[in-house]
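> Please read through the structure below; I'll follow up with questions.
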């Protein structure tokens, strides 16, 4: 096919028109292709932008997930640490429970010994009563005989003397029996307190009871050398006592006159009962207790018939030394305030909403003073009331710790104003 002559015939106007139309069609095709391509490019760009936005969102989500993962790992480490602490605390509680069980066993043994002694005393009293009855009968016979026989006066006088002597022996035995009964009651109170502590230690593992301190070793007379009369000796003096006597007032060396009496109940471990027994043997001040050495502590323990080693574990001497130092620095702080509702830190009835029965209930649970009540959780107080029965469930203990804290801090004015706003120990909005 010869293409050289293809355009020879395109020499007319019609031919030029056809070429022009072909050219226009070609250009129109190019324009249409460009438009279609531009739309596709714009669509692809929009899709690319959306994909980039999705990628950015996914990266943000990944960073957030990584941050949450880090927080979870920190929480996991914290939980592991708390678990180790809880395990250690549980071990300590088990050790304390074992010690409490041993002490309860010793107390039960002492109670059994006291019961045995009480039985023997009762048998002796029965024998003495029988002897007294016989002597009274004999006395009546001698009285009748005296009316008819003058020579029987000497025999009657002798019999009366024997009767009086027997009567005195009976009174001495009765006094001893009363003393044993008091000791028995005190031991029962200690036993109940220890049992309650063991129960609360098992029920609430977060409350760790105080660990027993090892037996005190011989040391200086003053644990606080800052006191004005503090002195340190190389050896403690040996005090010889008579173990056959139940009380050692003569051996203790109490002062004949005490110019001032300190409130010994501020020492943790000393209540009104022990304070009275210490006063009976002549112990009245913090200075005197702070000067005790090992021998003196042992002597006082024997004198007040207290548990061996308990004074050292409760650290009476160290507490007394600190109180004595504070008293020397600020004597006015240890004087009873006239606006105080009570000067006895164990008087829980100063808290509005607590009566004698609830006070006894709280002390049975181990909450013995204002400080312990101030540190007690309201939930624990509510559990104690719930366990006591429906009569006590109506009480609301939510304000008791706050009232006790004000009483412990001596803020009596604020406490009175606060109690004036309460109704039966409850805040108005809680009614």
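The values are calculated or read from the model by the stated rules, or taken from the named source; none is laboratory data. The model shown is predicted, which means the values in this text are computed figures rather than measured ones. We place every Cβ from the backbone using ideal geometry, glycine too, and count neighbours over all the protein chains shown.
> Given the options 166, 116, 145, 124, name the one that is loosely packed, with under 12 Cβ neighbours inside 10 Å and either at pLDDT 75 or above or more than 30 Å from residue 186 (Cβ to Cβ) (or both). Quick ask: steps written out before the conclusion?
Values: 166 fails: loosely packed, with under 12 Cβ neighbours inside 10 Å; 145 fails: loosely packed, with under 12 Cβ neighbours inside 10 Å; 124 fails: loosely packed, with under 12 Cβ neighbours inside 10 Å.
Of the residues listed, the single one that is loosely packed, with under 12 Cβ neighbours inside 10 Å and either at pLDDT 75 or above or more than 30 Å from residue 186 (Cβ to Cβ) (or both) is 116.
> Test each condition in (1) in a loop (DSSP other than H, G, I, E, B); (2) modelled with pLDDT under 90; (3) within 26 Å of residue 181 (Cβ to Cβ) for residue 353 and report the one that comes out false.
(3)
> Assess whether residue 109 counts as being part of a helix (DSSP H, G or I) and modelled with pLDDT of 80 or more. I'd like the intermediate steps shown before the answer.
Numbers: part of a helix (DSSP H, G or I): yes; modelled with pLDDT of 80 or more: yes.
So residue 109 fits the description; yes.
> So if I check each of 345, 401, which one is closer than 26 Å to residue 263 by Cα and either assigned to a helix (DSSP H, G or I) or out of contact with any helix residue (DSSP H, G or I) (no Cβ under 9 Å at 6 or more places or on another chain) (or both)?
Numbers: 345 fails: either assigned to a helix (DSSP H, G or I) or out of contact with any helix residue (DSSP H, G or I) (no Cβ under 9 Å at 6 or more places or on another chain) (or both).
Going through 345, 401 in turn, just one is closer than 26 Å to residue 263 by Cα and either assigned to a helix (DSSP H, G or I) or out of contact with any helix residue (DSSP H, G or I) (no Cβ under 9 Å at 6 or more places or on another chain) (or both): 401.
> Does at least one position in the stretch 52-59 carry a residue that is farther than 30 Å from residue 190 by Cα and more than 60 Å from the chain's Cα centre (by Cα)?
Yes, some residue in the stretch 52-59 is farther than 30 Å from residue 190 by Cα and more than 60 Å from the chain's Cα centre (by Cα).
> Then there is this: Among residues belonging to the stretch 404-431 that are free of Cβ contacts under 8 Å to residues at least 12 places away in the same chain and part of a loop (DSSP other than H, G, I, E, B), point out the one that is farthest from residue 349 (Cα to Cα). Reasoning before the result, please.
Going residue by residue through the stretch 404-431, those that are free of Cβ contacts under 8 Å to residues at least 12 places away in the same chain are 409, 411, 414, 417, 420-421, 423, 428-429, 431.
From the residues that got through so far, the ones that are part of a loop (DSSP other than H, G, I, E, B) too are 409, 411, 431.
On the way: 409: 16, 411: 16, 431: 21 Å.
Restricting to residues being free of Cβ contacts under 8 Å to residues at least 12 places away in the same chain and part of a loop (DSSP other than H, G, I, E, B), the top hit is 431.
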